[in-house]
Amino acid sequence: MNNNKAKIKFKSGSFEILENGDHVTCAVSGKKIPLDELVYWNVELQEAYFSPKEAQARYEELNKKKS
């Protein structure tokens with residue numbers, strides 16, 4: 001990874017690269033996610049997640065606020 005952060009538009013089941021780069025940053029952990037390993041994201045929030053653990057943490061955080 002050469003520290004070029006990409007700008008991404010997350011879509012349902014895919015994403016579009018708006019600005020070239022080699023990674024994005026996890027919205028929960030701050031970890032770098034290489035684009036070729038990017039699997040988890042939220043379309044509504046336009047956020048990427050490093051793993052299912054971070055995606056679940058964000059889901060729980062958002063649902064706690066609704067209760």
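Readers should treat all values here as calculations from the given coordinates under stated rules, not as data from a laboratory. Keep in mind it's a predicted model, so treat the numbers as computed, not measured. Cβ coordinates were reconstructed from backbone atoms using ideal geometry, including for glycine residues, and neighbour counts include every protein chain displayed.
Once R0 is set to 30 Å, what does the formula 1/(1 + (r/R0)^6) return for the Cβ-Cβ distance between A57 and L18, expressed as a FRET efficiency to the nearest 0.05?
Numbers: r = 26 Å, r/R0 = 0.87.
My answer for the efficiency is 0.70.
What is the magnitude of the charge dipole of the chain about its Cα centre, with +1 placed on the Cβ of each Lys and Arg, -1 on the Cβ of each Asp and Glu, and no other charges, expressed in debye to the nearest 20? Numbers along the way, then the final one.
Working: 11 positive and 10 negative charges, 55 e Å.
The calculation lands at about 260 debye.
Could you count how many Lys pairs in the chain have their Cα atoms under 17 Å apart, skipping same-chain pairs fewer than 8 positions apart? Mind showing how you got there, number by number?
Details: K5/K31; K5/K32; K7/K31; K7/K32; K9/K32; K31/K53; K32/K53; K53/K64.
Here the count comes out as 8.
Taking Rh as the Kirkwood radius, which is the inverse of the mean 1/r over Cα pairs, what is the Rg/Rh value for the chain? Provide the component values of the computation, followed by the final result.
Values: Rg = 12.1 Å, Rh = 12.2 Å.
My calculation puts Rg/Rh at 0.99.
With each label point set 7 Å from Cα along the Cα-Cβ vector, what nm distance links K11 and E37?
Computed distance between label sites K11 and E37 equals 2.6 nm.
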